[in-house]
Structure formats: structure tokens, C-alpha cells
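Taking it in order: structure first as C-alpha cells, then the write-up.
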Amino acid sequence: MPHHVIIGGGPVATNALETIRQFDDSPITIVCDEPAHSRMALPYWLAGQVVREHTMTADDAYFKKLDVDARIGSRVTKVDTSANELTLSNGGTVAYDNLLIATGSSPVALPIPGTDLPGVTPLWNLAHTQGVLDAVEGIAKPRVAMIGSGFIGMIMLNAMYKRGWTLTVVEREPQILPRMLNGEAAAIAETWLGKKGVDVHTGTTVTKITDAGGTKKIELASGQSIEADVVVVAVGIAPNVDFLEGSDIEHTAGTGGAVPVNDRMQTNISNVYAGGDIACGPVLFGDDEVHPIQPTAVDHGRIAGANMAGQNVQYPGSLLMNILDVCGLQCASFGQWQSGADTMTMNNPTGNVYRSLVWVGDQLTGATFVGQANDMGMLTDVGMAKGIMQTQTSLGPWKEFLAENPFDIRRPYVAAGVAAKLRNTTLIGKASKMRQYQFGGAKATATPSAEHAVFVADRGVGGS
């Protein structure tokens, strides 16, 4: 039987190994330099809504149930594709028949003085999150300055807002969320943040950070300065591909580097697969791209796992999507959301509402939504617009209907049969059964748990 080896412990890795187990019992080894956890759960821990344990996606029992040899705490330093062998940081080696590279990405460093000071940190992994919580312990109302306003950074900002911390954002671009929202939508979000007490500086950069008795002083190119207890650096991410140097696996070195893959998630080496933040692969609209988002990572893991297990499954392509809570304002963008030649727009800044629909012919290829969290209609429309794009449904005369009725996506969604198309769509020819191995067969107890106590406290209700 082939020996499957996976490098990484994120959603690509766990979805791949669970998919492999749907098809065969071949040996699986996973190599990961930190405990398997969900990066998207870290903001909930930071906000105090869950405990650290709830960010974990796999433990010893999980790997044992799947019969996986887990090398947690090990790092791959070299890949020899001619010998089908990995070299580990401890000097050991691991042979493979099929290899999946799912090493994710790391924060980009900010090349200015002061980023090595205590209390100046990225906010990307377990250690970073714990470090921020430790740094503000004992401070009644911590002051946090965040450099950068990308998707991940703003998720963390929302978590800190829920804590009641004093927040400042510095963004070098003329607007916040420059890779998620256009200028009109971003202006609504920035005004909203100001009303929520978040100080936003756009169109300027940080020149240096100094420390004065534990207080950080952030100096801006605009001449202004900011004081903070903690500085979060969130200026972007880069794929973790350095260990591929010297290998025959095609990749782009350095910041912005990635590994090209085909629709089976194969690299230029047929028995080597890649997925997630490091993979430049098929997308639904346009040329191959890197989509460093959770849904794409899950898809990549399932496709790679199925093909490693001997199936022949092609990936239809990733849909770029970002959905974000900006301190109570819901923002979402999908596909080719940047305004094109054929764009329908509805902009109501005073009502905190924005919508744009981008078209190629009668096919919806991109969308942007902004609305308040209590607008359940908007949240429903976001899901329906996403479904229309995922199924690449031609809407015909319903396009003109939406031009006059931008808040009634339900009718074209139903009339075009999108729900039925989604119901009949599966990536690997069978329905997803993800996470069944983590919770399947768990035994219920009547003992109050520490985790439930956190849920109760977060919601402000009685009981235990």
C-alpha cells in the first residue's frame, strides 16, 4: 500500500487525511511543527468567547482513531523528490509514496526599527495570541495599535473590540481593507469604525516604534504619533515554501511565492500535491491564483486526499470570498468583486448599506455587500449570491430584474434553480463528512464543563 505523507496540520491536512480514510487504509504520516489548530478560531479565543482548547482540531485520540503517525513538533527542512524522502529538523527522515505540502503561510515582517521590541507582535498563531493576552493582563483598558487593515487583521481587531480595548489602526493604503472592499464600501466601514471609537489612520506608514517604560510609541510618516501597550503587525502573509529550495518542486521563492498546482492539486512532480495558502491553482473566474482562505483550504485538502487515494477528481476552481464582522458591520466580497465594465451599484452611506454586483454577460462573477449585523436579509442574500457564483448560473432576464431590485436576490436564486444545482454538487463524488472523526462516538456527560461556562459568560445568561 502507498505511504501518504502530509506536511502541515491545518484545514488542508486534516481534510486530506479524513478524505483518504474514506477510500483506503494506507499508512499516513503527518509532520507539523505546531499543534493542529484552526487559525480562524483564534479570534474567538482572543475575544474570550472560547477557551484555547476549542481552537484545536486534532489531538492524539484523533490521530489514533484515524491510524495516523503524527510527528507533531517536527519541521521539514528538505524535500528530495528523486528519493521520495523528507529530512526533518531533528535529523530524521521520512519516506513517502505520495506527498501533500500544506505548510500554510507566515506573517510578513515590517522592515522598520522597533518591531523586535516586547509587545510588538504579529497575531497569527497560538503563541502570538497567548502573548497578546499575557501582555495586557492586569491593564484595565489596554491600548492596542494595529499596523495594517487586511482581512485577518480586521478579524483580530473585531475580537479586541469585543474585549473593550482602545484600538487604533494604521493603513498605508488610502482605505481600509484594500484587498476586500472598493473605495465606496471601505468608506462606510471606516466611518462605522470611527463611530465605534476606533481611531483609523489611512494613507500613511509607520516609520519606527520605540519603548518608554513599557509604553510603545508609534511614529507615523504623517508626523503624528500613537501610544499603545501592544502593537500588532498585520501587513500581510507569505507562503511557507523556503524548505523547497533545492528541490525539483516548482515554486516561487520569497514573499509572494507559491507552488503551481493543476486541477488534481498535483505539482510539477506527479506524486507531490500542494494546497491552501501555498498553492496557486484553479479559480472559478480568471487565471490561477492563490486564495489564502479557509473554504479553499478545505476544498484543496479534499481534492488532494481523494487523488492521493487513487481517485481521479478534478477541482472546478476556488471562489474568492471574504466575510467579515467589522465591529458590528457585516462586510462581504466574492469572486471578481472589483468593479468592472458591467457593474450594478447601490450606495447608501448614511444607512451603512452598500451593494455591488459585477457581471460578465448574464453571469454574476463578483459581488460586494455591506450592512449592519441585524440585517438578516443581507446575510441571506450573501449566501444566495455566493451560490449563484459557485454554480456559474446564467440568470438571463433576472439580471435586469436585479438592476431594479438589488435587495431581492431570492427570486432569481429560486427561479434559476440554484439550490438544486448546489444540492447535486459534490467535490469528490460523495457528500462531505468532515469532522466526523473528531466528534463521532463521543460520550455525553452531565458534568458542567469549563468550555460551557465560557459560552454562558459570553452571552450574559444565567446558569452554568
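Descriptive notes on the structure:
- Of the residues making up region 167-190, those that are in a strand (DSSP E or B) and over 16 Å from residue 233 (Cα atoms) number 0.
- Criterion applied to 109, 83 was being part of a loop (DSSP other than H, G, I, E, B), closer than 28 Å to residue 259 by Cα and either among the β-branched types (Val, Ile, Thr) or in contact (Cβ under 8 Å) with a residue 60 or more places away in the chain (or both), and the one residue passing it is 109.
- Where helices (runs of 4 or more DSSP H) fall entirely within region 294-405, none has at least 3 residues that are surrounded by fewer than 20 Cβ atoms within 10 Å (Cβ to Cβ), in contact with a Gly (Cβ under 7 Å, 6 or more places away or on another chain) and small (Gly, Ala, Ser).
- For the residues 13, 58, the requirement of being assigned to a helix (DSSP H, G or I) and on the phi < 0 side of the Ramachandran plot singles out 13.
- One residue from 286, 223 being in the same structural domain as residue 170 (by TED's automatic domain parsing) and on the phi > 0 side of the Ramachandran plot: 223
- Scanning region 144-164 for residues that are over 19 Å from the mean Cα position of the chain (by Cα) and either surrounded by 19 or more Cβ atoms within 10 Å (Cβ to Cβ) or on the phi > 0 side of the Ramachandran plot (or both) returns 144, 145, 161, 164.
- Leading residue by the ranking (farthest from residue 306 (Cα to Cα)) among those in region 225-280 that are part of a loop (DSSP other than H, G, I, E, B) and β-branched (Val, Ile, Thr): 235
Quick grid of which residues meet (1) at pLDDT 95 or above; (2) over 30 Å from residue 172 (Cα atoms); (3) surrounded by 14 or more Cβ atoms within 10 Å (Cβ to Cβ); (4) of a type in the set (D, E, K, R):
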position	(1), (2), (3), (4)
71	yes, yes, yes, yes
75	yes, yes, yes, yes
81	yes, yes, yes, no
85	yes, yes, yes, yes
95	yes, yes, no, no
98	yes, yes, yes, no
101	yes, yes, yes, no
111	yes, no, no, no
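The values are calculated or read from the model by the stated rules, or taken from the named source; none is laboratory data. Here the structure is a predicted model, which is why all the values come from computation and not from measurement. Don't worry about glycine lacking a Cβ; one is built from the backbone with ideal geometry, like all the others, and counts go over all protein chains shown.
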